[in-house]
Structure formats: structure tokens, C-alpha cells
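Single-structure report; data block below.
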Amino acid sequence: MAYLQVEGLSFAYEKGREVLRDINFSVEKGRCVCIAGANGSGKSTLLELIASCMKPSCGAVWIDGNSVFAEEGAQRTGIVFQEPDNQFFMPTVWEDVAFGVMKQGIAPERGKELAMAALELVDAGHIAERPPYALSGGEKQRAAIASILVMEREILLLDEPTAALDPRSRKNTIALLKALDCTRIIASHDLDMALDLADEIIFLHEGKIAAQSEAPGLLLDESFLRNIGLELPLGVCCASRTKPLKIDD
């Protein structure tokens, strides 16, 4: 069995409205996998199931043979939601980052040490004493990622991590995610990010896996992408339309 194994996963929010249908894939340890799809394709729901935030209608998710819906499996994943504000509720950033480990009984002094180390790891030590509401979008992403890393979770799940970021924050977030050595599963319709970051792409369409490929693979297939409601990455479009400048003698 692969490191992370998703088998026959289906989910319905209400009777007759199935969001995911028979999802099957595996991920090797340390890989970065992008789950790509148009809005409404089921990306966020799939991440929340892997994170054991909710239970599927049927199917299973295994990490090293342990179900994520059992306590041991659930403690191996951490999720950063699309809106990081939902993860902040303490007066300062370091207190938010330390909250999880301190809830496990670690002394406040040690909790702050661990939080500071996690913030430094994501190049955010300078925001430790700030209130979360005073952070930029990129800073909130880094603080949210630090709050997962401090818990020593093996699999980092991120929902649209570049959404609503300015170009510099987006670039910095991608660089940070590329530098991490944990297993990363990222749900996004930002195909330029997937092109920069992912080892493998899983394409969702209307709640099913439409295809799965090593990167860049189908990220370069305009016809396939349009059929599932996506467009070629902007970088690919620009590269294909750029022609050498002709200079007359």
C-alpha cells in the first residue's frame, strides 16, 4: 500500500446530491500533489475528507495503513483552509501557532519556543507578536502553515493557498511550499502554481477524477483543460505566443 491511499471515496452533503464519486488515488511520501479543478468540482471537500474534518458516504483514506478516521491517522494530517482568518482567534500570532501544542499539555514557555521555531521556518518570525488581524494575506498564509508545522503533521493540506494574494505574496508562498519536505496536497485552480510546484496533478471534474498525470503532463493540453472548465496556465500561453522580434537589415 502507498504512503497515502484514497480508496472508493464518495461524499454527499444531502440525500441525492453527491459531491464526490468513487475517488481513488495514491501519493508517495514527500511528494507535492495538486488537485486541480474548476469551482464546484469537489476539491475542498476532498481535502477536508483527507484531513478527517468529516466522514465520507463510503470509501477510506489510509496513511501507512492507518485510517485517517481513527485517532492515530487523524493526527498525521493538518489543513490550511482557503480563508486563514478562520484559523486565528488568539491575541498574537505566536499564541495562535502555539495553541495546538499547548492544548496537548506543553508548558507555555516551551509552547512559545516551538511556535517561534515554526514561524522562523516559514520566514515569519518577525510577525510573532502582531495581532492576526494586522497581517497581510501572505503573512496569514505563513502563520497558518506554521500552526500546522508546529504540530509535526506529516501531510500538509492546503486549500487555494494563492487565492487573493498579491503577486509578491503569491511568489513567496509558492517558494515556501516548494522548500518544505513534507508531503503536500494542494487544492487549487491556479494552474501556474501547479506548474511551478507540483510533482503530480489530479484533475477533478464534477466530483470525479477526470485524469491523473505527472507534471506538467496534461497541464499543457489545452483541449483537455477546456473540457473540464480550466484554461492553459498563463505562463504556457505567454510562452507559446511570444515570437522573436524581427529586425530589418
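Bear in mind that the values in this text are calculations on the coordinates, not laboratory data. In this text, all values refer to a predicted model and were calculated from it rather than measured experimentally. Reconstructed Cβ throughout: ideal geometry from the backbone, glycine too, with neighbour counts over all protein chains shown.
Structure notes:
- Simple spin-label estimate for D64 and R226 in nanometres, 7 Å along Cα-Cβ: 4.7
- Label-to-label distance, nm, for residues given as E71 and N39 (7 Å Cα→Cβ offset): 4.1
- Stretch gain in nm, segment E152-K178, where the contour uses 0.36 nm per residue and the Cα spacing is subtracted: 7.6 nm
- Among the chymotrypsin sites (Phe, Trp or Tyr not before Pro) within segment 69-169, those in coil by DSSP and having at most 12 neighbouring Cβ atoms inside 10 Å are F89.
- Label-to-label distance, nm, for residues given as A134 and A107 (7 Å Cα→Cβ offset): 2.9
- Computed from point charges on the beta carbon alone (+1 for Lys and Arg, -1 for Asp and Glu), the dipole magnitude for segment 105-249 about its Cα centre is near 280 Debye.
- Under Karplus coefficients 6.51, -1.76 and 1.60, residue-wise ³J(HN,Hα) of segment 18-29 in Hz, glycine/proline x: 7, 8, 10, 9, 6, 8, 9, 6, 9, 9, 7, 4
- Calculated FRET efficiency for the pair K15/K171, C-beta based, R₀ 30 Å, to 0.05: 0.10
- In this entry, segment 4-241 is assigned a mean projected area of 13.1 nm², taken as a quarter of its C-alpha convex hull surface.
- In terms of overall dimensions, segment 1-107 has a Cα radius of gyration and Dmax of 15.7, 48 angstrom.
- The chain - charge dipole about Cα centre, Lys and Arg +1 at Cβ, Asp and Glu -1, debye rounded to 20: 240
- Calculated mean residue ellipticity, 222 nm, the chain: -9500 deg cm²/dmol, from DSSP H runs (n ≥ 4) at -39500 (n - 2.57) each, averaged per residue and rounded to 500.
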